[in-house]
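Asker: One structure, as C-alpha cells, below. Some questions next.
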Amino acid sequence: MSDRPSDKPPLDIDRIRAATPGAAAGRTYLHNAGAGLMPRAVLEAQKRHLDLEAEIGGYAAAEREAPRLDGVYGSVARLLNAAPDEIALMENATIAWQMAFYAQQFGPGDRILTAEAEYGANYVAYLQVARRTGAVIDVVPSDPTGELDIAALERMIDKRVKLIAITWVPTNGGLTNPAAAVGRIARAHGIPYLLDACQAVGQMPVDVEAIGCDMLAATGRKFLRGPRGTGFLYVRRPLLTRLEPPMIDHFGAVWVARDRYELRADARRFESWENNYAARMGLGVAVDYALELGLDRIAARSRMLAGRLRAGLDAIAGVTVRDLGRHPSAIVSFTVDGRDAADVVRAAEAAGITIGASTPSSTRLDAEARHLPPLVRASPHYYNTDEEVDRLISFCRSL
C-alpha cells in the first residue's frame with residue numbers, strides 16, 4: 001500500500017496516450033473520477049466479443065471464451081491481493097456494495113458506523129435499513145485534517161456495532177480516508193468492515209490484506225479505465241460462508257431438491273446468471289493493463305498531476321480549492337467566486353476541457369458541515385500531461 005514509486009522506469013506517457021483513442025481526440029480530458037478513457041485494448045476486447053456473439057450467438061461465444069472470461073476473476077484477485085474465489089463480478093459497483101451491505105443482519109439498536117464524507121448512495125441504504133430494522137447510524141467525526149478520526153472510531157466501538165462501512169476516497173474533497181487504520185480496529189474487535197473503493201481502485205495500490213477489510217466494492221469505469229456497466233465485489237473467505245445474499249437465482253444457489261437450495265461456496269453466490277460478457281472481457285483487459293503498468297507508478301504520477309493542479313488553482317484569486325486530508329487523492333475539488341459549478345463545467349466543455357461537478361447531495365454530511373455549494377471536480381490520471389493540467393489552470397484564470 002506504499003505510495004513510493006517502484007524501481008521500474010517512468011511510465012511511457014507518449015506510448016500510453018497513443019494507445020488511448022480519447023487522448024488523441026484533441027480535447028483535454030480530466031474527468032476520470034466520472035469515467036476514465038478506455039485504452040484501445042479494452043475497447044477492442046469488447047468489440048471482438050460482440051463480433052463473436054453476432055457470428056455464433058451469445059451462448060456459444062461465452063462457451064468458446066470461457067477460459068478468458070474465467071480469467072477475469074484471477075485478474076481482479078491479483079489487483080486486490082485476494083483469491084479468485086473471493087471475487088464476484090457485478091453489473092456495477094452499486095450492486096456490488098448493495099449485495100454486501102444487504103447481506104448483513106441488523107436488529108433494533110444495532111449500530112452502523114460510517115464517516116462524515118460517506119457517499120449518498122450508501123447513506124440512503126443505511127437510512128432504509130435503519131427504518132426497516134431499528135438499527136442506528138452513527139457517524140464517526142473527522143479529525144482536523146478532514147480524515148475519519150481513528151481515535152474517535154476506537155472510542156465508539158461497543159458490542160452493538162455490527163458493521164463499519166466507509167468510503168475510502170470520497171467523491172468530493174480530494175480526501176483519502178485511513179482505510180488500513182480502520183481495518184486494524186475492525187479486525188481487533190471482530191466487526192465486519194465494508195469498504196467502498198470506487199474512487200481508489202485504478203488510482204492507487206489496493207491490498208485487501210493490508211487494509212483488513214472484509215468486503216470491498218469497486219467499479220471498472222473510473223480510474224481503472226474499464227467499461228461502464230462493470231464492477232466487482234470482494235468478500236473475505238471466512239465471512240463469505242456466513243453471508244447469504246439478499247437476492248439469489250439458480251447461478252448463485254443450486255436448486256438441489258424441491259424444497260431446498262444450496263448456495264455456492266465462493267463469492268459468485270452474489271452474482272446472477274445473466275451478465276454482459278463483452279463488458280467483462282473489457283474489464284479483464286483493463287485490470288491487466290493497470291497491473292502491467294504498475295499501480296505504484298500510476299499512483300505516483302496521478303498524485304503529482306493533481307498536486308500540480310491544486311498548486312495552480314491555489315494561486316488564482318477567486319478560486320478556492322476545497323480538498324481535505326493529509327494524503328489528497330487525484331480528485332481536485334474547487335469553487336470559482338461568482339460562478340456556479342455547472343456553469344464552469346459548461347464553459348470548460350466549450351473550451352475543449354472535460355471536467356465534472358459534485359453536488360452537496362452526493363456527500364451531504366460533509367457538504368453541510370463545511371457549508372459547501374456544488375463543487376467543480378477535476379480528476380487527472382496518469383495518462384494526462386502537464387500541459388493539459390496547465391490548460392485547465394489557464395482556463396480558470398480566465399474566468
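Asker: Is it the case that some residue within segment 176-188 is touching a residue at least 60 places away in the same chain (Cβ under 8 Å) and in a loop (DSSP other than H, G, I, E, B)? Before you say what the answer is, go through the steps one by one.
Answerer: Here is the first cut: in segment 176-188, the ones touching a residue at least 60 places away in the same chain (Cβ under 8 Å) are 176-177, 180.
Now drop any that are not in a loop (DSSP other than H, G, I, E, B), which leaves 176-177.
So far as segment 176-188 goes, yes, one or more of its residues are touching a residue at least 60 places away in the same chain (Cβ under 8 Å) and in a loop (DSSP other than H, G, I, E, B).
Asker: If you go through segment 89-99 one residue at a time, how many are closer than 21 Å to Ala253 by Cα, within 15 Å of the chain's Cα centre (by Cα) and buried (at least 23 other Cβ atoms within 10 Å of the Cβ)?
Answerer: Number of matching residues: 4.
Asker: Determine, yes or no, whether Ser362 is within 17 Å of Asn177 (Cα to Cα) and assigned to a helix (DSSP H, G or I).
Answerer: Against the criterion (within 17 Å of Asn177 (Cα to Cα) and assigned to a helix (DSSP H, G or I)), Ser362 qualifies.
Asker: Given the criterion at pLDDT below 95 and either closer than 15 Å to Phe334 by Cβ or of a type in the set (Gly, Ala, Ser) (or both), identify the matching residue among Leu399, Leu392, Leu375.
Answerer: When all the criteria are applied, what remains is Leu399.
Asker: Consider segment 17-28. How many of its residues are of a type in the set (Ser, Thr, Tyr) and out of contact with any helix residue (DSSP H, G or I) (no Cβ under 6 Å at 6 or more places or on another chain)?
Answerer: Of the residues in segment 17-28, 1 are of a type in the set (Ser, Thr, Tyr) and out of contact with any helix residue (DSSP H, G or I) (no Cβ under 6 Å at 6 or more places or on another chain).
Asker: Right, something else. Can you find, within segment 107-129, the residue that is surrounded by the most Cβ atoms within 10 Å (Cβ to Cβ) among those that are touching a residue at least 60 places away in the same chain (Cβ under 8 Å) and in contact with a Gly (Cβ under 9 Å, 6 or more places away or on another chain)?
Answerer: It comes out as Ala117.
Asker: Cβ-Cβ below 8 Å, separation at least six or inter-chain, first residue in segment 47-75 and more than 22 Å from Tyr289 (Cα to Cα) and not assigned by TED's automatic domain parsing to the domain that holds Ala279, second of a type in the set (D, E, K, R) and loosely packed, with under 13 Cβ neighbours inside 10 Å: which pairs?
Answerer: Close Cβ pairs satisfying both conditions: none exist.
Asker: What do you reckon, is Leu305 outside the structural domain of Val206 (by TED's automatic domain parsing) and part of a helix (DSSP H, G or I)?
Answerer: yes
Asker: Which numbered condition trips up Phe334, out of (1) assigned to a strand (DSSP E or B); (2) hydrophobic (A, V, I, L, M, F, W, C); (3) over 16 Å from Gly174 (Cα atoms)?
Answerer: (3)
Asker: Here are some conditions: (1) of a type in the set (A, V, I, L, M, F, W, C); (2) surrounded by fewer than 24 Cβ atoms within 10 Å (Cβ to Cβ); (3) assigned to a loop (DSSP other than H, G, I, E, B). Cys198 meets all but one. Which one does it not meet?
Answerer: Failed condition: (2).
Asker: If you don't mind, there's one more thing I want to ask. Taking segment 341-353, which residues are surrounded by fewer than 20 Cβ atoms within 10 Å (Cβ to Cβ) and not in a helix (DSSP H, G or I)?
Answerer: Ala351, Gly352
Asker: Could you identify the single residue in Glu387, Glu368 that is under 14 Å from Gly173 (Cβ atoms) and free of Cβ contacts under 8 Å to residues at least 12 places away in the same chain? First the steps, then the outcome.
Answerer: Numbers: Glu387 fails: under 14 Å from Gly173 (Cβ atoms).
One residue alone meets the criteria, Glu368.
Asker: Right, something else. Within segment 225-236, is even one residue within 22 Å of Ala103 (Cβ to Cβ), within 17 Å of the chain's Cα centre (by Cα), free of Cβ contacts under 8 Å to residues at least 40 places away in the same chain and surrounded by 19 or more Cβ atoms within 10 Å (Cβ to Cβ)?
Answerer: no
Asker: Evaluate the following for Ala317: is it assigned to a loop (DSSP other than H, G, I, E, B) and out of contact with any helix residue (DSSP H, G or I) (no Cβ under 8 Å at 6 or more places or on another chain)?
Answerer: Numbers: assigned to a loop (DSSP other than H, G, I, E, B): yes; out of contact with any helix residue (DSSP H, G or I) (no Cβ under 8 Å at 6 or more places or on another chain): yes.
Against the criterion (assigned to a loop (DSSP other than H, G, I, E, B) and out of contact with any helix residue (DSSP H, G or I) (no Cβ under 8 Å at 6 or more places or on another chain)), Ala317 qualifies.
Asker: Tell me which strands (runs of 3 or more DSSP E) are completely within segment 53-167 and hold 1 or more residues being of a type in the set (A, V, I, L, M, F, W, C) and farther than 18 Å from Trp273 by Cα, or say none if there are none.
Answerer: Fully inside segment 53-167 and qualifying: 111-115, 136-140, 161-167.
Asker: Out of everything in segment 358-399 that is in contact with a strand residue (DSSP E or B) (Cβ under 7 Å, 6 or more places away or on another chain) and farther than 30 Å from Val139 by Cα, what residue ends up being surrounded by the fewest Cβ atoms within 10 Å (Cβ to Cβ)?
Answerer: Filtering first and then ranking leaves Leu399.
Asker: Restricting attention to segment 326-340, which residues are surrounded by 20 or more Cβ atoms within 10 Å (Cβ to Cβ) and under 26 Å from Pro10 (Cβ atoms)?
Answerer: Passing the criteria: Pro328, Ser329, Ala330, Ile331, Val332.
Asker: OK, next. In segment 95-122, which residues are touching a Leu at 6+ places or on another chain (Cβ under 8 Å) and farther than 20 Å from Asp214 by Cβ?
Answerer: Matches in segment 95-122: Glu116, Ala117.
Asker: Any residue at all in segment 106-120 that is small (Gly, Ala, Ser), touching an Asp or Glu at 6+ places or on another chain (Cβ under 9 Å), in the same structural domain as Ala186 (by TED's automatic domain parsing) and under 23 Å from Ala367 (Cβ atoms)?
Answerer: Within segment 106-120 (the criterion being small (Gly, Ala, Ser), touching an Asp or Glu at 6+ places or on another chain (Cβ under 9 Å), in the same structural domain as Ala186 (by TED's automatic domain parsing) and under 23 Å from Ala367 (Cβ atoms)), the answer is yes, since at least one residue qualifies.
Asker: Let me ask something else. Can we say Leu79 is over 30 Å from Ala342 (Cα atoms) and either in contact with a His (Cβ under 7 Å, 6 or more places away or on another chain) or crowded, with 22+ Cβ neighbours inside 10 Å (or both)?
Answerer: When the stated conditions are applied, Leu79 passes them.
The values are calculated or read from the model by the stated rules, or taken from the named source; none is laboratory data. The structure displayed is predicted, hence computed values, not measured ones. We place every Cβ from the backbone using ideal geometry, glycine too, and count neighbours over all the protein chains shown.
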